[in-house]
Amino acid sequence: MINEYKLVIPKSIKEQLFEHALSINPIESCGYLGGKDGEVTVFYPMTNVDNSPEHFSFDPKEQFATVKSARNEGLSLIGVYHSHPETPARLSDEDLKLFNDPDPVYIIVSLKNEKPDMAGFKIFKEDENTIEVHKVNLIERGD
Amino acid sequence: MKLTINGEAAEFEEASFSVSELLKRKDVKMPDMVSVEYNGDMLDRENFDSTMVKDGDQLEFLYFMGGGQ
């Protein structure tokens, strides 16, 4: 099967995600990825207002500020990431339940194992019972 | 009326309608999960029906973002 979804992430930004996730662990970390044409160029760390090891929520005021900042730089928010401190890099039931924004690639950074890893997903949700999930090919690019 | 929605110009035949109507027209499927900024201020969800947008208004809306392992 051909995977048509892909996202290019520079190695330095991948490392920033891992560092951010580890720095907040065991609290779940989160953030936006800005870029264009399917290539990430900037990482925006966000506050997890839940401050929880099991949940995350963005602060809407911070979201609006980040959206405007990206727009002013000619970028779109093409990815959203959060960490799973103790579970694999896959979408949880809660991730799918609270999923709303159909545009960005959803990236999970797992800290379950000694070495962090990540996976990306594109989600299409018609309603609570009709959800399509596609794996996204995360292409690491050297800086 | 002419509005600016998420930084982009938009034009409607009507002189005014509610924020809820605007979200409907922008094909927002889950309005309960959307945050709205109206002319620079966050708008309480309970006021989506009663707040009427008009010519020159600036609106931003985005989806609640959350989840968990």
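The values are calculated or read from the model by the stated rules, or taken from the named source; none is laboratory data. Predicted model, so just to flag it, every value in this text is computed and none were measured. All Cβ positions, glycine included, derive from the backbone under ideal geometry; neighbour counts span all protein chains shown.
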- [ ] Being within 14 Å of chain A (Cβ to nearest Cβ) and closer than 26 Å to A:Leu98 by Cα narrows it down to one of B:Asp49, B:Asp27, so name that one.
- [x] B:Asp27
- [ ] With the condition kept exactly as written, say whether any residue in the range A:129-139 is assigned to a helix (DSSP H, G or I) and farther than 18 Å from B:Ser35 by Cα.
- [x] no
Task: Residue pairs meeting the criteria (Cβ under 8 Å; at least 6 apart or on separate chains; first touching a residue at least 60 places away in the same chain (Cβ under 8 Å), in the range A:36-62; second part of a loop (DSSP other than H, G, I, E, B)) - done: none
TODO: Among the strands (runs of 3 or more DSSP E) lying completely within the range B:9-69, list those that include at least 2 residues that are among the aliphatic types (A, V, I, L, M).
DONE: B:34-38, B:41-43, B:52-54, B:58-63
Task: the range A:44-85, subset among the β-branched types (Val, Ile, Thr) and either surrounded by fewer than 15 Cβ atoms within 10 Å (Cβ to Cβ) or not in a strand (DSSP E or B) (or both), residue farthest from the other protein chains (Cβ to nearest Cβ) - done: A:Thr47
Open item on the list: Tally up the residues in the range A:20-35 that are surrounded by fewer than 24 Cβ atoms within 10 Å (Cβ to Cβ) and within 16 Å of A:Glu114 (Cα to Cα), please.
Closed with: 6
Task: Given (1) modelled with pLDDT under 95; (2) surrounded by fewer than 13 Cβ atoms within 10 Å (Cβ to Cβ), number of the condition A:Arg141 does not satisfy - done: (2)
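Can you name every residue in the range A:92-116 that is over 21 Å from B:Tyr63 (Cβ atoms) and in contact with a strand residue (DSSP E or B) (Cβ under 9 Å, 6 or more places away or on another chain)?
Once the filter is applied, which keeps residues that are over 21 Å from B:Tyr63 (Cβ atoms) and in contact with a strand residue (DSSP E or B) (Cβ under 9 Å, 6 or more places away or on another chain), the range A:92-116 yields A:Ser110, A:Leu111, A:Lys112, A:Pro116.
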Open item on the list: Tell me yes or no: at least one residue of the range A:18-41 is in contact with an Asp or Glu (Cβ under 6 Å, 6 or more places away or on another chain) and of a type in the set (Ser, Thr, Tyr).
Closed with: no
- [ ] Please work out if A:Gln63 is closer than 21 Å to A:Arg141 by Cβ and of a type in the set (S, T, N, Q).
- [x] no
Task: Scope the range B:1-58; condition small (Gly, Ala, Ser) and surrounded by 15 or more Cβ atoms within 10 Å (Cβ to Cβ); matching residues - done: B:Ser18, B:Ser20, B:Ser35
TODO: Among the candidates A:Pro88, A:Pro102, single out the residue that is surrounded by fewer than 17 Cβ atoms within 10 Å (Cβ to Cβ) and at pLDDT below 95.
DONE: A:Pro102
- [ ] Tell me, please, whether a residue that is in contact with a helix residue (DSSP H, G or I) (Cβ under 8 Å, 6 or more places away or on another chain), closer than 24 Å to A:His55 by Cβ and free of Cβ contacts under 8 Å to residues at least 12 places away in the same chain can be found in the range B:17-35.
- [x] no
